[in-house]
Each structure stands twice: as structure tokens, then as C-alpha cells.
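First the structure, in the form of C-alpha cells, and then the observations on it.
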Amino acid sequence: MKKIFILTIALLLIPCMIVLLIQTKEKTIVHFKTNQIVRVKREKKNTIEQVPLENYVVGVLSGEMPTTFPMEALKAQAVAARTYVLRKIEYAKDQEYDVVDTVANQVYYNQDELKERWKDDYHEKIKRIQKAVLETQGEYLTYQGEIAQAFFFSTSTGYTENCEEVFQESLPYLKSVKSDWEKDVSPVFEDSKTFTIEEFYQKLNLDANSEFSVQITKQTSTGRIKTLNINGKNFNATDVTKVLGLRSSFFEIQKKDNQIIIHTKGFGHGVGMSQYGAYGMAQNGANYQEILKYYYQGIEIQKIE
């Protein structure tokens, strides 16, 4: 009788144990809730807005990518933007806010601001944005169980950058990949700016000099400038791009008569997903998961349950 009782209990427990093992194997560790709130610092107003996560993604997608982009590119951007802010939230628990509403983090507009910006086109444009966000709701990127650093930028030079060559942090999923769709689709793939020699020297705090020399002292593996020497003075290329208002650190400086002409290629820091690269990939039939997995090597797409 005792043996029959033990056998009966075992038979009852085995299915439960199998279900438990299956659930354990399939379980995804979720750090966030569906009703997650983002604390957004509004720089102009110097206030902090409490914004529901998906509303925040709508506001960022509206500020960071044109609504005319293919839907799959918009969806890829929505996932990248959601990932970016979730990582920020993880590291800002003891701070007053999670993100600011500018390019320092992600450009964000609330509903009233979008109505003002888009006016009569508001309803048409917000529908596309909401569709992209809704169809990727709760999705974000992870690498080996950790939320990814989902950097993105406007336009590649032909290749994206290795993270460690730009931000001094080596991340295995942010490695240089070929991205040459931009030359056909991006209006900012190439650019040039002209300064008088006086303007150029003044902006860079250089002494007037009849002789003009530029030496590139350090570059990334794709050809972006890291450091350079102008008339004997050393510069960090990032500082030069900021002071001169250049679109990227992939540039060439030429002197012609009394003018300095600077040609640039690409727009932005070059790490992670190129937005116009996503545009080109989508035009060629790639879906948003394929776009994300191309620019963020080895990542997984998780979902907040």
C-alpha cells in the first residue's frame, strides 16, 4: 500500500516538474514593467516630466527620425530608442531624472509640442509613429542577458565605427560593419563648409600664419580623424567638429586663396545603427529585426511581458 501511495505521488509530481523545467528554461529575466515611467528632464523649461515608457518612445521616434522613413526603419528606431532609455533607467535609479530631451540623450517631444510642430499634418504623422511603436511594443535589445547600449546616428561614411575607437569602451555588439546604402538615400552623406582664413583661425584660437599646414596624427580604422595638428597645434577632432559645426569627424581641410574649405562625409558619431542605413536596408526588403541584428552584432530582441 505504501509503495502504491509513493508511486501515485511520483506520477502526480513528474508532470509538474517537467512544466517547471520548461518554464525555467524559457523564462526571460525582465527588469522592467509595462507601466514603466521615464523621468525626462525638459532642458528649456528646467522641469522633469513623468512619461509612460511607450509614450516616451513615441515622442523620441517623432524627434529622431522623419515620419517619411520606411515602416521597418521606424520600427528599428523605436526598439533602439526604447533600449537606450531602459539602459539609462538602469543606471539612473539614484538620480533625479533618467534622460534629457536633447541630442545629449534622445530628442523628445510631447503631444502638445508635436501638434505645434506638425500642425495640419499631425494626425497623419502620429499614426505612422504610433504604428511603429505599437508593433514593437515592449521590445528592447540585450547582449548575453544585459541590456544593450543602443547607440544610433544619422548617416554612415560607408562603414560604422568600432565603439572603442570613438567612446573608449569596447562592446562586442558595437563593431564596425559596412553601411553604404547612405550614399544613395541620405541628403547629408556629404557636405562642405567654407570659412575665411581669419574666421578659421579665430574659431580654433590659432595665431595668424602665412603658412598653412594640416597633419592627421591619429585615425580610426575606417578613416575618421581622432587627432590632428594644425599649424603646429594639436587638436582632438571631436573638439574641431564642435567648434566648426561639422557633421562628422570624417573630414578633409583645404586652403584655397583666403578661404578654408572643409569637406565632410557622414553625419554623427558613427557608432551603432545608421538611421539612413536602416532606411536603405528597409528599401531593399529588410525587416526591423534584420536591421537591428545587422547593426548590433549578436544581440537578442527581448520583450517586456
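Computed from the coordinates by the stated procedures, all read-outs in this text should not be read as laboratory data. Keep in mind it's a predicted model, so treat the numbers as computed, not measured. Ideal geometry is used to build each Cβ from the backbone, glycine not excepted, and the neighbour counts take in all protein chains shown.
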Could you work out how far helix 122-134 tilts from the main Cα principal axis of the chain, as a 0 to 90 degree angle to the nearest 10? 50
The answer for GluC sites (Glu not before Pro) in region 64-145 that fall in a DSSP coil and have at most 12 neighbouring Cβ atoms within 10 Å is GLU96
Pick from VAL51, VAL103, VAL166: which residue has the top mean-square fluctuation in a GNM of the chain where Cα pairs under 10 Å get a spring? VAL103
Project the alpha carbons of region 235-293 onto their principal axes and report the range along each, largest first, in whole Å. 49, 22, 13
Can you give the angle from 0 to 90° between the axis of helix 53-64 and the longest principal axis of the chain, with both taken from C-alpha atoms, to the nearest 10? 20
Checked region 133-199 with the C-alpha gyration tensor, a ≥ b ≥ c its square-rooted eigenvalues, rounded below a/c of 1.5, otherwise prolate if a/b is larger than b/c and oblate if not; verdict prolate
Nearby lysines by direct alpha-carbon distance to LYS242 (threshold 24 angstrom, same-chain neighbours under 8 apart not counted): LYS41, LYS44, LYS183, LYS193, LYS203, LYS218, LYS226, LYS233, LYS255, LYS256, LYS265
Of all the C-alpha pairs in region 184-297, what % are more than 20 Å from each other? 48
Given Cα pairs under 8 Å that are at least 6 residues apart, what percent is the relative contact order of the chain? 22
Quick one: work out Rg over Rh on the C-alpha atoms of the chain, Rh as Kirkwood radius. 1.12
